[in-house]
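First comes the structure, then the notes that go with it.
Just so it is clear, none of the values below were taken in a lab; they were calculated from the coordinates. Everything quoted here is computed from the prediction, not taken from an experiment. Neighbour counts are summed over all protein chains in view; Cβ atoms, including those assigned to glycine, are modelled from backbone coordinates with ideal geometry.
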Amino acid sequence: MIRAVIFDLDGTLVETEELKGLSYARATIELRPELREADVVEAFKDFVGMSRQEVAAGLMQRFRLEGAAQARMAEFSVNAPWQVFVQVRQRIYEAMLDDPELLLSQRYPHNIAYLQEVRHSGVRIGLATMSYRHQVQRVLKVLGLSNAFDFIAARDDVEQGKPDPEIYFLLARELEVQPEECLVIEDSPAGVKAALAAGMNVVAVSTSLTHQRLHASGLLPPQHIVDNPTLLPTVVAHVITHHQRNETQR
């Protein structure tokens, strides 16, 4: 039986992944002005759902930012070039989060509506995000979802980021359910991998950043990937029915 539904945040309830991609692109151009913003945004698609250190390391290698970042280490009082890149990007992203109208324009109303529907069904509700808690709180406040979850797990709460399953094991413990009793709604291959590795049931909602990679990954059956957000409740109901049927046959 499904006793808990766990949502991802970025790219699932609000398209902050798009804002993150743009902030990484602008930070990249600050370090190497000759590069193109569109190229960095496209490259960011390979890192959606990963920790900021992993994203920074990947983009720095791809766009050869090491030298430019190293030259500014003293300015930021950090010990590694990737930390320079993260701080430059963080300043840009924090400014985006300070704009409530921008955040509201990026929300996914159908997915949020389904979250509200689940709240009234009696199951436990969790949030599993690779954003840091102070950012999560700001976004949820703007979306009116500060009190929507029984437990929130953020990047601060785990040592390993997605696709490691640590964050999902944490949520299962805190929600007092078994992993197989959880249904996860994710948007990225990294998030899907993490939830599957924890032994949970997964539905993926695709976005412009993750559509191609989700379908190409082979992680989920096509019928468990939602390309039309209005179909999310239908797909979730199908997955729950499939789960219950498998339980009955055991």
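At 0.36 nm per residue, minus the direct Cα-Cα distance, what do ARG62 and GLU174 gain on full extension? Give it in nm, one decimal, please. Present the calculation step by step, with values, prior to reporting the outcome.
On the way: separation 112, 0.36 × 112 = 40.32 nm, distance 3.82 nm.
Fully extending the segment from ARG62 to GLU174 adds 36.5 nm.
Compare the peptides 128-134, 117-123, 139-145 by average per-residue count of other Cβ atoms within 10 angstrom and give them in order, highest first. Walk me through the intermediate numbers first.
Numbers: 128-134: 20.7, 117-123: 12.7, 139-145: 18.3.
Packing proxy ranking, top to bottom: 128-134, 139-145, 117-123.
Between ALA197 and LEU231, take the C-beta separation as r, use R0 = 22 Å, and let me know the FRET efficiency to the nearest 0.05. All intermediate terms of the calculation are to be shown ahead of the outcome.
Details: r = 26 Å, r/R0 = 1.18.
According to the calculation, E is roughly 0.25.
Extension gain VAL78-ALA95, at 0.36 nm per residue separation less the Cα-Cα distance, in nm? Mind dumping the intermediate values first?
Working: separation 17, 0.36 × 17 = 6.12 nm, distance 2.16 nm.
Additional length available on full extension: 4.0 nm.
Sorted from fewest to most neighbouring beta carbons within 10 Å, what does the list ILE125, ILE6 look like?
Values: ILE125 18, ILE6 29.
Listed from fewest to most nearby Cβ atoms, that is ILE125, ILE6.
Given the peptides 37-45, 10-18, arrange them by the average over their residues of other C-beta atoms within 10 Å, most packed first. Mind dumping the intermediate values first?
On the way: 37-45: 16.3, 10-18: 24.3.
In decreasing order of mean packing, 37-45, 10-18 become 10-18, 37-45.
Per the Kirkwood definition applied to all pairs of different Cα atoms, how many angstroms is the hydrodynamic radius of the range 1-105?
On the way: mean 1/r = 0.0687 Å⁻¹.
Hydrodynamic radius (Kirkwood, Cα pairs) of the range 1-105 is 14.6 Å.
Counting helices only, and only those DSSP H runs with n ≥ 4, report the 222 nm mean residue ellipticity of the chain as the sum of -39,500 (n - 2.57) divided by its residues, in deg cm²/dmol to the nearest 500.
-16000 deg cm²/dmol
Can you give me the Kirkwood hydrodynamic radius for the chain, using every pair of distinct Cα atoms, in Å to one decimal?
Details: mean 1/r = 0.0537 Å⁻¹.
Evaluated over the chain, this radius sits at 18.6 Å.
So, with +1 on the Cβ of K and R and -1 on the Cβ of D and E, and no other charges, what is the size of the charge dipole of the range 17-101 about its Cα centre, to the nearest 20 debye?
Details: 11 positive and 15 negative charges, 74 e Å.
My answer is approximately 360 debye.
Between SER208 and GLN53, what is the spin-label point distance in nm, taking each point 7 Å from the Cα along the Cα→C-beta axis?
In this crude label model, SER208 to GLN53 measures out at 3.2 nm.
With 10 angstrom as the radius, rank SER208, SER51 by how many other C-beta atoms surround their C-beta, starting from the fewest.
Values: SER208 11, SER51 17.
Exposure proxy ranking, most exposed first: SER208, SER51.
Relative contact order (percent) for the range 124-192, with alpha-carbon contacts under 8 angstrom and 6 or more residues of separation?
On the way: 72 pairs, mean separation 22.4, N = 69.
After rounding, I find 33 percent.
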